[in-house]
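None of the figures in this text is laboratory data; all of them are computed from the coordinates on show. Just so it is clear, the model here is predicted, and its values are computed rather than measured. When we count neighbours, we look across all protein chains shown, and the Cβ atoms used for this are built from the backbone with ideal geometry, even at glycine.
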């Protein structure tokens, strides 16, 4: 990868970092990434699957067709100065490193294009600008609309605190809102006339908390209240909760989700209220592909991991102490070996649905020091400085090298598709 690509990649990531935007509102972020690709010789198509901030950048002709999955949305409340202590800024921030994620995908695609031009190789390179990953809808709706149909393979990465092939089963998820409707009344003078939506929501949560004892290991159920109106002397006529139900198998997630629904229906029955169940989004678990994972791991072994300056090491030490990170003073390490078996994760991504449509591989690169949790101010701080940029450049080089193998060795793709259809 040439210096000019790395420089432009860093500039783009820095711009997106300084202009953080929430899911479905990534106007400046998506334009910055698209401009990088357009300058690199890619044609642009906007407005995919009904998203104004989704795009397809494409170069080349014929097969194979390799698609890089880029993200660029930020998280609410995670604005942070680039410093080694908690110094919040107003608004959202890149506590998941998506400013780096999309920029590396663009850089890898441009580098692959140049290599193919130099060698007069046939094939198509695509970058999908995917909005709204943080609310788990972008790639799901794009996949349902057939946007990824026709790909030979999909390639992406995610910033983490380690360098490895992400041979992981990201969780399946069912995300729902429960809306309870009751009847208002004076809570003291005429309580018998009221039917409390808030009581229903609370009883639902009590029921779900008892349910937790009777679900399989690895199932996760999270909830929060999203709305309830009025002072305590008025019986609440409306209350709402948001639930995430997760596991490593979609069938298991569906089963538990139905039981959560029954808790809501039972609570409504007990309180004389009415419940409406709204599915916000859902996704399957990641379908890992051993063929692609081994191919990209072989290439990652050839590419040197980043070397850090004394200043970066001091930054990592300071932020580790300030944030209480568990790393024992070892802030960065080399490439981790590829696991023999898939690793279940406790988090989810909308990339998972793509993996059921086309063979998909995901890499991880250390864009933050060891022990840094995602969705945390310490992750935001490192995503905006050179530690994050070095991880991004490493990820881009690894993705480009693996994608080149797919362009030049058709038997790898044949085996990947065969494995996917087992």
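Please report how far the C-alpha centroid of the stretch 110-151 lies from that of the stretch 269-286, rounded to the nearest whole angstrom.
33 Å
In nm, what is the difference between 0.36 nm times the number of residues separating residue 314 and residue 251 and their Cα-Cα distance? Don't jump to the answer; show the numbers that get you there.
On the way: separation 63, 0.36 × 63 = 22.68 nm, distance 4.67 nm.
Answer, rounded to one decimal: 18.0 nm.
Starting from the Cα gyration tensor of the stretch 1-83, take the square roots of the eigenvalues, sort them a ≥ b ≥ c, and report rounded, prolate or oblate (rounded when a/c is under 1.5, otherwise prolate if a/b is larger than b/c, else oblate).
Details: a/c = 2.45, a/b = 1.34, b/c = 1.83.
Oblate, because a/c is 1.5 or more while a/b does not exceed b/c.
Cut-off 10 angstrom, C-alpha nodes, Gaussian network model of the chain. Which of 315, 55, 296 fluctuates the most?
Taking springs between Cα atoms under 10 Å, the residue moving most is 315.
Would you work out if the stretch 351-422 is rounded, prolate or oblate? Take a ≥ b ≥ c from the square roots of the eigenvalues of the alpha-carbon gyration tensor; rounded if a/c is under 1.5, else prolate when a/b is larger than b/c, oblate otherwise. Intermediate results must be reported in sequence, preceding the final value.
Working: a/c = 4.08, a/b = 1.96, b/c = 2.09.
Oblate shape, in that a/c is at least 1.5 and b/c is the bigger or equal ratio.
Relative to the present Cα-Cα distance, how much length would full extension add between residue 119 and residue 181 at 0.36 nm per residue of separation?
Contour length minus the Cα-Cα distance gives 15.8 nm.
Per the helix-only calculation at 222 nm, which mean residue ellipticity applies to the chain, given -39500 (n - 2.57) for every DSSP H run of n ≥ 4 and division by its residues, nearest 500 deg cm²/dmol? Numbers along the way, then the final one.
On the way: 12 runs with 167 residues, N = 422.
The per-residue figure over the chain is -12500 deg cm²/dmol.
Per residue, how much space in cubic angstrom lies within the convex hull of the C-alpha atoms of the chain? Mind dumping the intermediate values first?
Working: hull volume 63.3 nm³, N = 422.
Expressed per residue, the convex hull around the Cα atoms of the chain is 150 Å³.
Using mean Cβ contacts within 10 Å as the protection proxy, how do 113-119, 338-344 order, highest first? Please report the intermediate quantities before stating the final value.
Working: 113-119: 14.7, 338-344: 12.7.
Highest to lowest by the protection proxy: 113-119, 338-344.
Pull out a ≥ b ≥ c, the square roots of the eigenvalues of the alpha-carbon gyration tensor of the stretch 234-387, then state rounded if a/c is under 1.5, prolate if not and a/b is larger than b/c, and oblate in the remaining case. Working shown, then result.
Working: a/c = 3.47, a/b = 1.65, b/c = 2.10.
In terms of gyration-tensor shape, oblate.
With a Förster radius of 60 Å, plug the Cβ-Cβ distance of residue 44 and residue 189 into 1/(1 + (r/R0)^6) and report the FRET value to the nearest 0.05.
0.40
I'd like the distance separating the alpha-carbon centroids of the stretch 78-106 and the stretch 372-422, in whole Å.
With the stretch 78-106 and the stretch 372-422 each reduced to a Cα centre, they are spaced 19 Å.
Using the per-residue mean of other Cβ atoms lying within 10 Å as a proxy for protection, in what order, highest first, do the peptides 245-258, 64-77, 24-37 fall? Don't skip to the end; give the middle numbers.
Values: 245-258: 19.8, 64-77: 25.0, 24-37: 21.8.
Going by the mean number of other Cβ atoms within 10 Å, highest first, we get 64-77, 24-37, 245-258.
Ranked highest first by the average count of other Cβ atoms within 10 Å around their residues, in what order do 369-376, 318-325 fall?
Numbers: 369-376: 19.4, 318-325: 17.0.
Per-residue Cβ counts within 10 Å, averaged per peptide and sorted highest first, yield 369-376, 318-325.
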